[in-house]
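Report on the structure given below.
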Amino acid sequence: MSSFTSPLLVSVLIDGKNWQLERPFTFHIGSRYSRTYVKVPRYFLTDWASIPKLLTLFLPDWAKFNKSPVLHDWLYSTKMIMGEAITRKQADDIFLEAMMICWQDFPKRNIVAYLEYYAVRIFAFLAWRNKRVCRK
């Protein structure tokens, strides 16, 4: 099972919409001790999950405010894992994997995770295309 390495610690910016990561975290892909991982650095900015208003009516707060959307934002910003270019599908698949880890204690995690996964597969192509690559 994949794993995150530390708690999520963020602070809100003055605009009230964006948040800054105050502590880096790492996500090991595929298994707990995988040598393939994503490290999201301190000070990275996120807007959490960019969920259409209609979907927010059906999703619990835990579906928006957790490490998985921060990880997904980072993957869309860098378009890389460990120096290797990734596809949008790879980024979205890692997002799904991360949601399953973050939400393992919630009974409806599969429904919510797949709803978000398919939403990004359908609608996030513009974000992927328009995102300027941040190489850190």
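Please find, within region 9-52, the residue that is farthest from E97 (Cα to Cα) out of those that are within 14 Å of the chain's Cα centre (by Cα) and aromatic (F, W, Y).
W19
Hey, any hits in region 14-25 for a residue that's surrounded by fewer than 16 Cβ atoms within 10 Å (Cβ to Cβ), β-branched (V, I, T) and out of contact with any Pro (no Cβ under 7 Å at 6 or more places or on another chain)?
yes
I'm told K89 meets every condition in (1) out of contact with any Ser or Thr (no Cβ under 8 Å at 6 or more places or on another chain); (2) surrounded by 13 or more Cβ atoms within 10 Å (Cβ to Cβ); (3) modelled with pLDDT of 95 or more except one. Can you identify the failing condition by its number?
Condition (2) is where K89 drops out.
Please determine whether any residue of region 57-68 is within 27 Å of N110 (Cα to Cα) and modelled with pLDDT of 90 or more. It would help to see each step written out before you state the result.
Of all residues in region 57-68, those within 27 Å of N110 (Cα to Cα) come to 57-68.
Filter again for modelled with pLDDT of 90 or more, leaving 67-68.
Yes: region 57-68 contains one or more residues that are within 27 Å of N110 (Cα to Cα) and modelled with pLDDT of 90 or more.
The values are calculated or read from the model by the stated rules, or taken from the named source; none is laboratory data. Since the structure is predicted, the reported quantities are computational estimates derived from the model, not experimental observations. Note that each Cβ is placed from the backbone with ideal geometry, even for glycine, and that neighbours are counted across all protein chains shown.
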